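Read the structure below first, then the notes.
No value in this document is a laboratory result; all are computed from the given coordinates. What you see is a predicted model; the values in this text were computed from it and never measured. Glycine also receives a Cβ, built like all others from the backbone with ideal geometry; neighbour counts cover every protein chain displayed.
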Amino acid sequence: MKHEPRRAQIGTEQEAKIAGYALDFRDMNRTKLAEKIQAEVKWPGKPPEIEVLERKISSYRKDPDLAEDRPWTLDSLRDHPLPPEALPKVFQIWFDMQASSNSPPVTIREAKWIARFSGMTDHLESVRVAADTCAQLELIGELTQTPQLSSASTMYLIYSLATRMPKKAFDELAPLIAREKIAYDTARKRVTEILRRVYGDEFVKDVKSESKKEAKDNERKPEGENQEGAGR
């Protein structure tokens, strides 16, 4: 009995990598980029065929015309306001990018991230790099419909970029960050166990059932009614 060859598996991590390559190497020939992706990305099994990767590259290179990826201007503040205190850094980075012939314009998405990081440091390049990285990962997440900014390792990387953390300190703290994530994952279990010991199994079950009932009741309410209740 002949077995058909196993199809290549493309997981969420690999999908995000493909999107990242497509955005980072927009000017590279599609076939050459597909070959680069096939060789450099770590695949769970057999790598995808070049033709498959070419189709994905074309899909991610299409301009989705997202409002946040248009150039940032003062007019954009009407629909995408920024904190006034963040504008000096946004303007300075915008000026530097405009003055450079090789740099693309600052997008609305990037300006928002610049504003978010503006209070962390006065070092403009650190703000720009952290904002650019977040904007890129956020866009990849939207294109692939998979969150890219939620993992502890990514958050730690962004923090290190924004604060100019030395590599030695980064490497020393990396295992600790991973342990913190594990501890967070088990916090609910620990609290539930404490409640069970103090109040018994029935109390924990009642709390869960009440939470589910409340969530269902909120889903049934019309949107306007929920907003009215929230505003009281």
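Loop-located trypsin sites (Lys or Arg not before Pro) in segment 30-76 (DSSP state not H, G, I, E or B) with no more than 13 neighbouring Cβ atoms inside 10 Å: LYS42, LYS62.
Taking a threshold of 20 Å on the Cα-Cα distance, which of the pairs LYS17/LYS112; LYS17/LYS89; LYS36/LYS56 fall above it? From LYS17/LYS112; LYS17/LYS89; LYS36/LYS56, over 20 Å: LYS17/LYS112; LYS17/LYS89.
Count the net charge of all other residues whose Cβ sits under 14 Å from the Cβ of PRO105, scoring Lys and Arg as +1 and Asp and Glu as -1. Please list the in-between numbers first.
On the way: positive: ARG70, ARG109, ARG128; negative: GLU68, ASP69, ASP75, ASP96, GLU110, ASP132.
Residues near PRO105 contribute -3 overall.
Exposure proxy ranking for VAL127, VAL41, based on other Cβ atoms within 10 angstrom of each Cβ and starting from the fewest, stands as VAL41, VAL127.
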